[in-house]
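Student: To start, I am sharing the structure in question, which I have written as structure tokens.
The values are calculated or read from the model by the stated rules, or taken from the named source; none is laboratory data. What you see is a predicted model, and the numbers here were worked out from it, not measured in a lab. No Cβ is skipped: glycine too gets one built from the backbone with ideal geometry, and neighbour counts run over all protein chains shown. Heads up: the accessible areas ignore ligands, DNA and RNA and are worked out on the full protein's heavy atoms, side chains in. Shrake-Rupley method; radii C 1.70, N 1.55, O 1.52, S 1.80 Å.
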There are 2 protein chains.
Amino acid sequence: MKIAIMGYGTIGSGVKEVLDMNRAQIEKKGGEGIEIKYILARKEHIPGVEDALVTTDFSVIENDPEVELVVESIGGIHPAYEYIKSCLEKGKHVVSSNKAVVDACGSKLIRTAKEHNCNFYFEASVGGGIPVIRTLYHNYAGENVTEITGILNGTTNFILTKMREEGSSFEDTLKEAQRLGYAERDPSADIDGFDTSRKTAILLSMTSGNRCRHEDIYTEGIRNVSDIDMAYAKALGYSIKLLGSVQTVEDKYFAYVAPMMVEEQDPLYPVNGVYNGIRIVGNCLGTTMLYGMGAGKLPTASAVVSDIIAAVRHKNNFQGIGWSDKMIEIEPMGGNAFRYFLRIEGTEEGIEKELKSYFVENGKVKVHVLPGRKDEFAIISDILFEEDFLARLSAFEDETGRRVFHYLRVNSASEE
Amino acid sequence: MKIAIMGYGTIGSGVKEVLDMNRAQIEKKGGEGIEIKYILARKEHIPGVEDALVTTDFSVIENDPEVELVVESIGGIHPAYEYIKSCLEKGKHVVSSNKAVVDACGSKLIRTAKEHNCNFYFEASVGGGIPVIRTLYHNYAGENVTEITGILNGTTNFILTKMREEGSSFEDTLKEAQRLGYAERDPSADIDGFDTSRKTAILLSMTSGNRCRHEDIYTEGIRNVSDIDMAYAKALGYSIKLLGSVQTVEDKYFAYVAPMMVEEQDPLYPVNGVYNGIRIVGNCLGTTMLYGMGAGKLPTASAVVSDIIAAVRHKNNFQGIGWSDKMIEIEPMGGNAFRYFLRIEGTEEGIEKELKSYFVENGKVKVHVLPGRKDEFAIISDILFEEDFLARLSAFEDETGRRVFHYLRVNSASEE
Ligand SMILES: NC(=O)c1ccc[n+]([C@@H]2O[C@H](COP(=O)([O-])OP(=O)(O)OC[C@H]3O[C@@H](n4cnc5c(N)ncnc54)[C@H](OP(=O)(O)O)[C@@H]3O)[C@@H](O)[C@H]2O)c1
Ligand SMILES: NC(=O)c1ccc[n+]([C@@H]2O[C@H](COP(=O)([O-])OP(=O)(O)OC[C@H]3O[C@@H](n4cnc5c(N)ncnc54)[C@H](OP(=O)(O)O)[C@@H]3O)[C@@H](O)[C@H]2O)c1
């Protein structure tokens, strides 16, 4: 099969590298060889690539009937969307690693693919090398998926892991991650949770079968996670992870992105460094967890190549991985219920009654004090709806005159 | 699609339960409803099942052209093999959860399916509800898989986890597992490693694309793992797991089943209780780990149902999940290299030289003594080929007159 690669950066060049490196295997498994006919770039010369392959003119690719499949690894929404759409309209399969375009335009592109009896695949757009999209399509086809919760961003997981291991502050660790090339110079998309939010939206669409807007997903990044939070987490047997989570309860959909306390028994607890992990809960399968490289040149490119092979195997039929045009509503964040970890000013003396009535109505209040920090203490609350919790929090501050320095939600794999 | 279920025990009845419970979802995802037309049993009445569904006569199923798919959940090789073969010859898709028949007759059945343009699926035969077969087929299609190592048996993992948590002996823990229904009355298939060995053979066939014999896989069970081994493991930061492992090095295949010391950084380390975990290493994807329920009625039945939906989606074409008739050779166990954990009689005094020359030529010998056990100590060896190690072991015992009470191999996710 003759293909084109549009966008020859980290992933685009990685795809060429994987196709070259594993040529024999790919031909054997797919049933035919894959030949790169064009590489679309913005300049006419790419070091190490034959000039004959390179084009700066999309219409050459679009109009060449020999090209049966196009890889899109440009990133962003425009012109990626227009290019993908034109290719599908010409009956070419398209494989994309681009979560932005899949999130924003997925349902339209899936419909276009269907109308033209070709495939739009996007395994690499969530979880990089982790086989999550196909697992949801195939292995969870007969399941009612009640929850998907994942560590979906390697940069933030690297930072949080380092903070835990080294006791360092967020700012210092971010700088180190930037120096090591694990974080971008403008790190906002990662650390403010937007990357995770887009991937979470794609996971919600895959499981609900319908479209959603990542803008409707409550999204909180990791900027406010401090070394003090991390010290408490360690002392209490938690790790702090940036999680993207979707839940389905009857016909209601919940979704959020937030840094959370993760319990030691949770399969996501040991997922460290740049690794990602995705925990999926189904009504029959119970809990499954997929773990692997969520990004990086070769793992992501290998996921793209698995999509190319799928297209070879489904050359003449639309496979239907994806979701419909129908938009679903995501319930407001206030409707989610969590335990909360709270760091409260002072000591508990004099406010035992308020701690109980606002946060721990059931059982004894367990107070945690960090060695050397006499000016604050922490507690874990009962399970409360977020809306209710926020009201209690402000009433508690008013009544006691004490500040709550920070709170983090606790993700309970066991209780949900 | 009209289907039949052959063998109505744990899994067969589970399949009916999942089809009933998730009916709407299954119809939506598959594109059509699934109707059970027959249940094959050895008696005419099954409590809770309409008599009209039950038949004791296989030929009724085989000869009914309305039946497009048959689930085989009888277990064992005969008559499962003959039944599956006849159904495929009639062009019916077959879904099996039966590792014995897939291991022993897989390549023949895959060829028969191909010849009759229908599908033979067996997702549930390895890892129960863990999506490993399809992940290897789809997501690893373009990868050179260098290693698959898994905790593939829930019974033994339950026993080993309990032994670690409670410090109890193998015999007592086995009895408790039997009492709780986690181990069979005749537990040999699980604890002697044969179940893991069959699954390991299927994984090797999936990744090599060729047939192999589980009888050729070196197989050691967990009977000789003692509470003392476990106490050392805990003290040294390992957990002991029964692993099934396959490695590909150039065109050579290695495979074994053995209880091993697993390091804390290994994603298999925290896989506890009846959960299974499968670590897959590819040349581009790096390390991925799939975690979930490796057995049990509903998780396994859900995997069977995912196969049924796959068959609906590939009604008219052979999908080619499987391997060829070509038999591959598995290298002898002696050709594998490991670090070894050794428990040696006495104290190290007087045999420092021998310890170094036989087992730890590089660096310092680190001696571990368990509190309260003065009659033995443990060391971890250099990486040695098994053949060489065994020769050294017996020479060491001869020269020093000391017994080596027990040894266990160390599985090093990082070094391999
Ligand atoms: N990197 C990862 O680990 C990873 C993992 C999963 C998914 N992804 C996704 O994969 C996509 C690509 O990521 P990347 O890391 O490969 O980004 P990248 O290194 O920035 O590569 C993008 C390439 O596209 C080229 N490009 C931009 N606009 C173009 C246009 N109009 N026509 C032709 N080429 C154009 C850029 O060329 P210039 O050099 O001229 O700008 C650049 O070479 C993104 O959607 C990203 O989210 C990446
Ligand atoms: N249980 C699990 O968690 C699990 C997980 C993964 C895979 N599997 C595999 O799934 C298969 C079934 O396991 P299972 O646990 O369901 O076993 P099971 O509970 O023993 O069920 C087997 C059923 O097959 C029936 N049967 C035996 N021979 C038959 C024949 N000739 N015709 C019709 N029915 C016949 C048995 O009936 P009788 O009552 O008359 O003997 C029994 O009802 C096995 O291959 C097993 O390895 C099981």
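Student: Which FRET efficiency value, to the nearest 0.05, is calculated for B:A52 and A:H78 with the Förster distance at 56 angstrom and r the Cβ-Cβ distance?
Tutor: 0.40
Student: Setting aside same-chain residues fewer than 8 positions from B:K43, which aspartates and glutamates have a Cα under 16 Å from its Cα?
Tutor: Result set, ordered by chain and number: B:D51, B:D57.
Student: Net charge near A:G7, counting Lys/Arg +1 and Asp/Glu -1 over other residues with Cβ under 11 Å of its Cβ?
Tutor: Cβ neighbours under 11 Å give a net charge of 0.
Student: For B:I34, what residues show an amide H to amide H distance below 5 Å, using hydrogens built from the backbone and excluding near sequence neighbours?
Tutor: none
Student: Now for a different question. Mind checking the alpha-carbon convex hull of chain B and giving the volume per residue in Å³?
Tutor: Here the figure is 143 Å³ per residue.
Student: Let me ask something additional. In whole Å, how far is the Cα centre of the range B:352-389 from that of the range B:256-276?
Tutor: Cα centres, the range B:352-389 to the range B:256-276: 23 Å.
Student: Work out the FRET efficiency for B:K108 and B:D20 from their Cβ-Cβ distance, taking R0 = 41 Å, and round it to the nearest 0.05.
Tutor: Efficiency, rounded to the nearest 0.05: 0.75.
Student: Take every DSSP beta bridge whose two residues both sit in the protein assembly as shown, then give the antiparallel share in percent to the nearest 5.
Tutor: Antiparallel bridges: around 65 percent, rounded to the nearest 5.
Student: Continuing with this model, one more query. Dipole of chain A, Cα-centred, from +1 at each Lys and Arg C-beta and -1 at each Asp and Glu C-beta, to the nearest 20 debye?
Tutor: 940 debye
Student: Obtain the nm distance between the two label points defined at B:K43 and B:K175 by a simple spin-label model: each point lies 7 Å from its Cα along the Cα-to-C-beta direction.
Tutor: Roughly 3.2 nm, to one decimal.
Student: Projected onto the charge dipole of the protein assembly as shown (+1 at Lys/Arg Cβ, -1 at Asp/Glu Cβ, origin at the Cα centre), which of A:I330, B:Q247, B:P65 gives the Cα projection farthest towards the positive end?
Tutor: B:P65
Student: Using 0.36 nm times the number of residues separating B:E331 and B:F405, minus their current alpha carbon distance, what extension gain do you get?
Tutor: 23.9 nm
Student: I'd like the Karplus ³J(HN,Hα) series for the range A:58-71: coefficients 6.51, -1.76, 1.60, θ = phi - 60°, whole numbers in Hz, and an x wherever there's a Gly or Pro.
Tutor: Couplings: 4, 5, 4, 5, 4, 9, 8, x, 5, 7, 9, 8, 10, 8 Hz.
Student: Note the per residue figure in Å³ for the convex hull of the C-alpha positions in the range B:133-294.
Tutor: Once divided by residue count, the hull of the range B:133-294 is 107 Å³.
Student: Applying 1/(1 + (r/R0)^6) with R0 = 60 Å to the Cβ-Cβ distance of A:L390 and B:H368, what FRET efficiency is obtained, to the nearest 0.05?
Tutor: E between A:L390 and B:H368, to the nearest 0.05, is 0.70.
Student: Return the loop-located trypsin sites (Lys or Arg not before Pro) in the range A:285-365 (DSSP other than H, G, I, E, B) with at most 12 other Cβ atoms within 10 Å of their own Cβ; answer none if there are none.
Tutor: For trypsin sites (Lys or Arg not before Pro) across the range A:285-365 that sit outside H, G, I, E and B with at most 12 neighbouring Cβ atoms in 10 Å, the list reads A:K326, A:K364.
Student: Let me ask you something else. Net charge near A:D227, counting Lys/Arg +1 and Asp/Glu -1 over other residues with Cβ under 12 Å of its Cβ?
Tutor: So the surrounding residues net to -1.
Student: Would you mind giving the average projected area, over all directions, of the Cα convex hull of the range A:333-415 in nm² with one decimal?
Tutor: For the Cα atoms of the range A:333-415, the hull's average projected area reads 5.6 nm².
Student: How high is the relative contact order of the range B:333-415, given as a whole-number percent (alpha carbon pairs under 8 Å, six or more residues apart)?
Tutor: 49 percent
Student: Indicate the residues belonging to the range A:272-295 that lose 40 Å² or more of solvent-accessible heavy-atom surface (probe 1.4 Å) upon moving from the chain alone to the assembly of all protein chains, ignoring ligands and nucleic acids.
Tutor: Flagged in the range A:272-295: A:C284, A:L285, A:T287, A:T288, A:M289, A:Y291.
Student: Just grab the label-to-label distance for B:E184 and A:N317, each label 7 Å out from Cα along the Cβ direction, in nm (one decimal).
Tutor: According to this spin-label approximation, the distance is 3.7 nm.
Student: Okay, moving on. State to the nearest 20 debye the size of the charge dipole of the protein assembly as shown about its Cα centre, where the only charges are +1 on K and R beta carbons and -1 on D and E beta carbons.
Tutor: Using Cβ point charges on Lys, Arg, Asp and Glu, the protein assembly as shown gives about 1040 debye.
Student: Under 21 Å Cα to Cα from B:K252, which lysines show up? Leave out anything in the same chain fewer than 8 places away.
Tutor: A:K28, A:K29, B:K199, B:K326
Student: Return the value, in Å² to the nearest 100, of accessible area buried between chains B and A (probe 1.4 Å, both sides summed).
Tutor: Summed over both sides, the interface buries about 3800 Å².
Student: Whole-Hz Karplus ³J(HN,Hα) for the range B:121-126, in order, using 6.51 cos²θ - 1.76 cosθ + 1.60 and θ = phi - 60°, x for Gly and Pro?
Tutor: Running phi through 6.51 cos²θ - 1.76 cosθ + 1.60 with θ = phi - 60° gives 10, 8, 3, 6, 6, 10 Hz.
Student: Additional query: Among A:A4, B:G7, B:G273, whose Cα lies farthest out toward the positive end of the dipole of the protein assembly as shown, if unit charges sit on the beta carbon of Lys, Arg (+1) and Asp, Glu (-1)?
Tutor: Ranked along the dipole, the leading option is A:A4.
Student: Extending each Cα 7 Å along its Cβ direction at A:E32 and B:E215, get the distance between those two points in nm, one decimal.
Tutor: Going by the 7 Å Cα→Cβ label model, 4.2 nm.
Student: Computing the accessible area with a 1.4 Å probe over protein heavy atoms, can you report the carbon and sulfur percentage for the protein assembly as shown?
Tutor: Of all accessible area on the protein assembly as shown, carbon and sulfur atoms account for 48 percent.
Student: Before rounding to the nearest 500, sum -39500 (n - 2.57) across all DSSP H runs of length at least 4 in chain B and divide by the residue total; then give [θ] at 222 nm in deg cm²/dmol.
Tutor: -11000 deg cm²/dmol
Student: Let me ask another. Run through the range A:304-410 and list the GluC sites (Glu not before Pro) located in a DSSP loop whose Cβ has at most 15 other Cβ atoms within 10 Å.
Tutor: Taking the range A:304-410 and a limit of 15 other Cβ atoms within 10 Å, the loop GluC sites (Glu not before Pro) found are A:E329, A:E348, A:E349, A:E361.
Student: Pairwise over distinct Cα atoms, reciprocal of the mean inverse distance: report the Kirkwood radius of the protein assembly as shown in Å, one decimal place.
Tutor: The answer is 28.5 Å.
Student: Provide the net charge surrounding A:G167, with neighbours chosen by a C-beta distance below 11 Å and charges set as Lys +1, Arg +1, Asp -1, Glu -1.
Tutor: -1
Student: I've got another one for you. Using amide H atoms built in the peptide plane, which far-off residues or other-chain residues are under 5 Å from A:T219 H to H?
Tutor: Those qualifying (amide H under 5 Å, at least 5 residues apart or on another chain) are A:V257.
Student: Okay, next question. With a 1.4 Å probe on protein heavy atoms only, tell me which residues of the range A:141-178 lose at least 20 Å² of accessible surface in the complex relative to the chain by itself.
Tutor: The answer is A:A141, A:G142, A:E143, A:N144 - residues whose exposure falls by at least 20 Å² when every protein chain is included.
Student: Which residue, chosen from B:V410, B:I351, B:F396, occupies the Cα position most advanced towards the positive end of the dipole of the range B:333-415, where the dipole is computed from +1 (Lys, Arg) and -1 (Asp, Glu) charges on Cβ about the Cα centre?
Tutor: Checking the options against the dipole of the range B:333-415, the answer is B:V410.
Student: HN-Hα J couplings of the range B:17-28 from phi, Karplus 6.51/-1.76/1.60, θ = phi - 60°, integer Hz, Gly and Pro as x?
Tutor: In residue order, the calculated couplings are 4, 5, 4, 6, 5, 10, 3, 5, 4, 5, 5, 5 Hz.
Student: Moving on. With a probe of 1.4 Å, find how much accessible area chain A has per residue, and write the answer as a whole number in Å².
Tutor: Result: 38 Å² per residue.
Student: Got the relative contact order for the range B:133-294 handy, in percent, Cα pairs under 8 Å and 6 or more residues apart?
Tutor: 34 percent
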